[in-house]
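The values are calculated or read from the model by the stated rules, or taken from the named source; none is laboratory data. Everything numeric in this text was worked out from a predicted model, so none of it was measured. Because the Cβ atoms are built from the backbone with ideal geometry, glycine has one as well, and the counts that use them run over all protein chains shown. With ligands, DNA and RNA removed, areas are computed over all heavy atoms of the protein, side chains included. Shrake-Rupley method; radii C 1.70, N 1.55, O 1.52, S 1.80 Å.
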Amino acid sequence: MAKTGTTTQGLRAAIERSGYYPALVAEAVEAAVGGEAVASYVVHQETTFDSNEVRRHVTVLVLTPSRFIVSHTDEQAADNSSPTPYATTSTESVKLDRISSVVVSRVVANPESYTPGTLPREVVLTIGWGAVSRIDLEPAACGDPNCDADHGYTGNSTADDLSLRVSDAGDGPDTVRQTLAFAQALSEATVAAR
């Protein structure tokens, strides 16, 4: 369930409503936000199935007047490093002028009869700031099928910092709407920060 809003109290309430280790998540997010005002936020809880285990994950995105903050919290089952289940929480704070891209991908049903203002059935918000890149390489070749020379490699580099997917079917229309509102606020803030 994603929640969006514009106050620190609203952020805390959205984290508590998510029900996913709210004290742990709120403490990490509030420490990252510090004394800054909260301009916008999204709280998104996701459940995944891994073999015969159910895993939960929460992502909190926060926009302040000067920064974009992303927090991830994952739960882990007991393993060799811990005899009891545990959670890992991380936060990253990015200055708004470092954000290089805000990509919003919308999936709409029946595009031939699309009406402006209709919510997409799915939204993928991808935000890039240069922290993580993925390089896909493959051997280069020439057009000669009998050539056995080494032509080096060719490939692509892709920014892969954050991608958040929400859908009407899985998360509800409010979540889709809220994610779009956050994306717009972040896009506007990055323009103003330049």
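May I have the extent of the alpha carbons of the chain along their three principal axes, as whole Å values ordered from largest to smallest?
Principal extents (Cα only, largest first): 67, 53, 37 Å.
Could you state the angle between the C-alpha long axis of helix 173-193 and the longest principal axis of the C-alpha atoms of the chain, as a value from 0 to 90 degrees rounded to the nearest 10?
Computed tilt is about 80 degrees.
Taking the Cα atoms only, what angle lies between the long axis of helix 8-18 and the longest principal axis of the chain, rounded to 10 degrees?
That helix lies at roughly 70 degrees to the long axis.
How much mean residue ellipticity at 222 nm does the chain get from its helices, if each DSSP H run of length 4 or more adds -39500 (n - 2.57) and you divide by all residues, to the nearest 500 deg cm²/dmol?
Values: 4 runs with 48 residues, N = 194.
Helix contribution divided over all residues of the chain: -7500 deg cm²/dmol.
Highest GNM mean-square fluctuation, the chain, Cα pairs closer than 10 Å: which of ASN146, ASN52, ASN110?
Answer for the Gaussian network model of the chain: ASN146.
Skipping prolines and chain starts, which residues have an amide H placed within reach, meaning under 5 Å, of the one on TRP129, given they are 5 or more residues away or on another chain?
SER100, ASP161
Evaluate the relative contact order of the chain (contact order divided by residue number), counting alpha-carbon pairs under 8 angstrom at least 6 apart; express in whole percent. Mind showing how you got there, number by number?
Details: 361 pairs, mean separation 35.2, N = 194.
The normalised contact order for the chain reaches 18 percent.
So which chymotrypsin sites (Phe, Trp or Tyr not before Pro) in region 75-135 are both in a DSSP loop and have at most 14 other Cβ atoms within 10 Å of their Cβ? Display every interim value, and only then the final one.
Details: sites: TYR86, TYR114, TRP129; in loops: TYR114, TRP129.
When the chymotrypsin sites (Phe, Trp or Tyr not before Pro) of region 75-135 are filtered for loop state and at most 14 Cβ neighbours within 10 Å, TYR114 remain.
Over the chain, with the other protein chains present, what is the accessible area per residue in square angstrom, probe 1.4 angstrom?
Values: 11140 Å² over 194 residues.
Accessible surface, normalised per residue, equals 57 Å².
Working from Cα positions, state the angle (0 to 90°, nearest 10) between the long axis of helix 22-33 and the longest principal axis of the chain.
Once rounded, the angle reads 70 degrees.
With point charges of +1 on the Cβ of Lys and Arg and -1 on the Cβ of Asp and Glu, referenced to the Cα centre of the chain, which listed residue (THR154, THR47, THR118) lies farthest in the positive direction of the dipole?
Farthest towards the positive end: THR118.
At 1.4 Å probe size, put PHE68, PHE49 in order of accessible surface, largest to smallest. Working shown, then result.
Working: PHE68 0, PHE49 160 Å².
If we order PHE68, PHE49 from most to least accessible, we get PHE49, PHE68.
Anyone know which of SER81, SER105, SER71 comes out most mobile in the 10 Å Cα GNM of the chain?
SER81
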